[in-house]
Amino acid sequence: MSMIENVSRRGFLKGVVSTGAFVLSVKVLPQAAWGAVDTESTGTSQAFNRAVLHPDLFLAVDTDGTAYIIAHRSEMGTTSRTSLPLIVADELDADWKRVKIEQAIGDERYGSQDTDGSHSVREFFESMRVAGATGRLMLVRAAAQQWGVPESECSTDLHAVVHNKSNRRADYGQLVTGASKLAVPKKEELQLKQPSQWRYIGKGMPSYDIAAICTGKAEYGMDTKLEGMLYASIEHPPVLGGKVKSYDDKAPLQVRGVRHVIPIDPFTPPHEYQPLGGVAVLADNTWAAFQGRKKLNVSWDNGPNASYTSDEYRKQLQQTARQPGKVAREIGNVDTEFGKGGKVVEAEYYAPHLSHAPMEPPVALADYRDGQVFVWASTQNPQQVQTSISKAVGVPKEKVICRVPLLGGGFGRKSKPDYAVEAAVLSKKTGRPVKVVWKREDDIQFDYFHSVAAMYMKAALGENGRPTAWLQRSVFPPIASTFVAGATYGGPGDLGQGFSDIPFDLPNLRVENGPAQNHVRIGWFRSVANIYHAFGVQSFANELAHAANQDSVEYLLALIGPDRVLPKERAMPNYGAAYEKYPFDTARLRRVTEIAAEKAGWGKRKLGKGYGMGIAAHRSFLTYVATVVAAEVTSDGDVRIHEVNTAVDAGTVVNPDTLRSQFEGAAVFGTSLAMFSEITAKDGVIEQTNFHQYLVSRMNQAPRRTNIHIVESSAPPAGVGEPGVPPFAPALCNAIFAATGKRIRELPISKTNLSA
């Protein structure tokens, strides 16, 4: 076996720090040991299973007092692997220093493991509290029995049960044996802590993995290894739906280390999470696989999508947006109002396809043997890995064991496990473990892209400058096209992200959607359809303010109107949450708008030539956000973002530092999307291949100062990973208009000439 191997900077530093010597590779886990790492069907470690007390699926406590807590969601920088266990630890009254977190395998017993949609804490807040409270009550009951005192006289205090009357105290480790003999209490027996009693919730904790990450000890998907494994690099069809006509299977085998050249069947529509097809080169190391792949000389039948070119497609979308569409929501009669004449304002907006481009491209290691598939995948959804691999290789879902290393970014891309399916298919064909590694170029060119969108907006203004009628249309290839061949209309889930749930107080409103055919794979992306919908709605609101010659903040507040809860409509699916628990409360949207403006010094700061402020407010993932951007446009057209002020009402916040990090990151992410990032195609082929073409903001282009203002709230917890993104682009574009008088209606901004 050739021992040439790529060495990461992190791996190199790890070797230098630990041994003082140059190390060629990270540790290799013997294949014989791999299947024995976990001894129980739950996939938990031997330590977890040996623990004496198991009050809940997510919790175990051992006689040394160690509390093992299961993290069933994926960790990709959002600290869900910290925040969810932190809730358990709080209700358990555990000492965080004595907590060990274990990553769950894919298993339906944990409930949904899909780390998408900013709903990890929201969906499992109560469940995690119940897990901790159950363990706490069992430990209290064990102490009460041991001491012969009433249970009501006992309480907990940081990893111990205390009886104040007799001044007795017992560590959890001393009580687990007795507690394990007790019946697990029913939910109605539990007394959850009051917010005033919370030890960690609302105060937070640094990432559980931060030390391991900073010292190079944390293991990502790219770090996983098995004895005897092969590395695979795949030449995918350059156009969606393309098929192999011919290829050279001899030249790649002349490259030292290349072992196999294997074709992969093209997908059967709809493509879902199937492999794209193509030809795989398998070798002893990535270098050999990459070099062999260059020699394939594949000839392709590109199929019908070879006619797809971005510029022409954009014109089609815009033309569709100018025509009447399918009505998604209607109040009053806009046609009657427009027929009265008066001042009418119209505008069109456009946002391009985007690529997720996480720092760690897709990677998965699979081992098919004895009717089972063992897989390590940097995935946001291990249960979908199980389902997709089961279907592809013909084994029962429960025979697919998916373990989840840390993810080097995700943004929604890594919940689509096509790359893990590729690894499993190739492992079955070769009879050896196979690690599929996508290059950066593969990741950008063969992504599940964020959808392109064209929007048309029209409003009639009354004597006070406020809209008497508002019409808006959105046209985009929907995510449904991934699952239903030929799907062309957005569903309630797409339109309910900032479009059909528009919160303005309007007497006449119509929301429409037009058809659009997909020519690339479409998938969810950080904040999904909210990106283009917030861009259109909040930019148009700003245009109306200026058309009415009114202050932008005052006009936006007037549009939001009086404090009220919007009536629940079918057009507002509410991110899958119960509307009774998570109503759309315009008072909360108004409040963040007022706070963001106040903190930014709106109307109080003297702005020089070329400077401007812009505001946008948006609710997404049940969280209310308003952002004010202060920007400068230089004489040569450069945009400098000097300050961002964002006010956030996310309900109950478990980890405030995480929220701040997510919203600070959203400002940088939003800068990329607004100013630089764009995916285009010519003759069906994606034109961008790497970061020299798919641009993201550099350090000197990112906001120089970002201030996050958290609104204290007792409302249920809502999302924090995505809601910071949607209002950023319109706030920035509104700031550019304030600075220059030039209106931005198309993203990215870099395509617009802003020079004086």
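The values are calculated or read from the model by the stated rules, or taken from the named source; none is laboratory data. Remember, it's a predicted structure, so these values are computed and weren't measured experimentally. Methodologically, a virtual Cβ is constructed for each residue, glycine included, from the backbone with ideal geometry; neighbour enumeration extends over all protein chains shown.
Checked against (1) touching a residue at least 12 places away in the same chain (Cβ under 8 Å); (2) not assigned by TED's automatic domain parsing to the domain that holds Gln693, Glu346 passes all but condition (2).
Of the residues examined, Gly684 is not one that is in contact with a strand residue (DSSP E or B) (Cβ under 9 Å, 6 or more places away or on another chain), on the phi > 0 side of the Ramachandran plot and either surrounded by fewer than 22 Cβ atoms within 10 Å (Cβ to Cβ) or touching a residue at least 60 places away in the same chain (Cβ under 8 Å) (or both).
Considering only strands (runs of 3 or more DSSP E) fully contained in the range 351-464, which possess at least 2 residues that are touching a Leu at 6+ places or on another chain (Cβ under 9 Å) and surrounded by 23 or more Cβ atoms within 10 Å (Cβ to Cβ)? Talk me through it step by step, then tell me what you get.
On the way: elements: 363-369, 372-377, 400-403, 434-437, 453-461.
The qualifying strands (runs of 3 or more DSSP E) are 363-369, 372-377, 434-437, 453-461.
Annotation note: Cβ proximity below 7 Å between a residue of the range 204-229 that is assigned to a loop (DSSP other than H, G, I, E, B) and a residue that is of a type in the set (Gly, Ala, Ser) (sequence gap 6+ or interchain) occurs for Asp209/Ala218; Gly216/Gly11; Ala218/Ala212.
Residue-by-condition table, conditions (1) closer than 30 Å to Trp602 by Cα; (2) in a loop (DSSP other than H, G, I, E, B):
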{"site": "Glu512", "(1), (2)": "no, no"}
{"site": "Tyr555", "(1), (2)": "yes, no"}
{"site": "Leu559", "(1), (2)": "yes, no"}
{"site": "Tyr575", "(1), (2)": "no, no"}
{"site": "Tyr579", "(1), (2)": "no, yes"}
{"site": "Arg588", "(1), (2)": "yes, no"}
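For the range 593-621, which residues satisfy the criterion of being among the hydroxyl-bearing types (Ser, Thr, Tyr), under 30 Å from Asp494 (Cβ atoms) and part of a strand (DSSP E or B)?
Filtering the range 593-621 for residues among the hydroxyl-bearing types (Ser, Thr, Tyr) gives 593, 611, 620.
Now restrict to residues that are under 30 Å from Asp494 (Cβ atoms): 593, 620.
Selection gives Ser620 alone.
Taking the options Leu747, Leu695, Leu754, name whichever one is within 28 Å of Val633 (Cα to Cα), surrounded by fewer than 24 Cβ atoms within 10 Å (Cβ to Cβ) and within 22 Å of the chain's Cα centre (by Cα).
Details: Leu747 fails: surrounded by fewer than 24 Cβ atoms within 10 Å (Cβ to Cβ); Leu754 fails: within 22 Å of the chain's Cα centre (by Cα).
Step by step, each of Leu747, Leu695, Leu754 is checked, and only Leu695 is within 28 Å of Val633 (Cα to Cα), surrounded by fewer than 24 Cβ atoms within 10 Å (Cβ to Cβ) and within 22 Å of the chain's Cα centre (by Cα).
Only a single criterion out of (1) touching a residue at least 60 places away in the same chain (Cβ under 8 Å); (2) closer than 21 Å to Arg660 by Cβ; (3) not charged (D, E, K, R) is not satisfied by Ser755, namely (2).
Give the residues of the range 244-262 that are part of a strand (DSSP E or B), surrounded by 15 or more Cβ atoms within 10 Å (Cβ to Cβ) and not β-branched (Val, Ile, Thr), sorted by residue number. Lay out the reasoning, then the answer.
The initial filter retains those residues of the range 244-262 that are part of a strand (DSSP E or B), namely 244-246, 258-262.
Applying the additional criterion that residues be surrounded by 15 or more Cβ atoms within 10 Å (Cβ to Cβ) yields 244, 258-262.
Within the range 244-262, Arg259, His260 qualify.
Taking every residue in the range 64-93 that is assigned by TED's automatic domain parsing to the domain that holds Gly178 and of a type in the set (Val, Ile, Thr) and pairing it with any residue that is in a strand (DSSP E or B) and surrounded by fewer than 24 Cβ atoms within 10 Å (Cβ to Cβ), at least 6 positions away or on another chain, the pairs with Cβ-Cβ distances below 7 Å are Thr66/Lys100; Ile69/Val99; Ile69/Ile101; Ile70/Glu102. What about Pro252, is it within 30 Å of Thr309 (Cβ to Cβ) and either outside the structural domain of Ile522 (by TED's automatic domain parsing) or within 27 Å of the chain's Cα centre (by Cα) (or both)? Against the criterion (within 30 Å of Thr309 (Cβ to Cβ) and either outside the structural domain of Ile522 (by TED's automatic domain parsing) or within 27 Å of the chain's Cα centre (by Cα) (or both)), Pro252 does not qualify.
Return a yes/no flag: does the range 482-493 have any residue that is among the aromatic types (Phe, Trp, Tyr) and under 30 Å from Gly242 (Cα atoms). Lay out the reasoning, then the answer.
Initially, the range 482-493 is screened for residues among the aromatic types (Phe, Trp, Tyr), giving 483, 489.
Cutting the leftovers down to under 30 Å from Gly242 (Cα atoms) gives us 483, 489.
Taking every residue of the range 482-493 in turn, at least one turns out to be among the aromatic types (Phe, Trp, Tyr) and under 30 Å from Gly242 (Cα atoms).
Is it true that some residue in the range 156-176 is more than 45 Å from the chain's Cα centre (by Cα), of a type in the set (A, V, I, L, M), surrounded by fewer than 20 Cβ atoms within 10 Å (Cβ to Cβ) and farther than 21 Å from Thr82 by Cα? No: zero hits.
Pick from the range 665-681 the residues that are of a type outside the set (Gly, Ala, Ser) and in contact (Cβ under 8 Å) with a residue 60 or more places away in the chain: which of them is farthest from Val639 (Cα to Cα)? It would help to see each step written out before you state the result.
First, pick out the residues of the range 665-681 that are of a type outside the set (Gly, Ala, Ser): 668-669, 671, 673, 675-676, 678-680.
Still in the list and also in contact (Cβ under 8 Å) with a residue 60 or more places away in the chain: 669, 671, 673, 675-676, 678-680.
Numbers: Phe669: 16, Thr671: 10, Leu673: 14, Met675: 9, Phe676: 11, Glu678: 18, Ile679: 21, Thr680: 23 Å.
Result: Thr680.
For the range 138-159, does any single residue satisfy the condition of being closer than 26 Å to Tyr624 by Cβ and of a type in the set (A, V, I, L, M)?
Within the range 138-159, the subset closer than 26 Å to Tyr624 by Cβ is none.
No, the range 138-159 contains no residue that is closer than 26 Å to Tyr624 by Cβ and of a type in the set (A, V, I, L, M).
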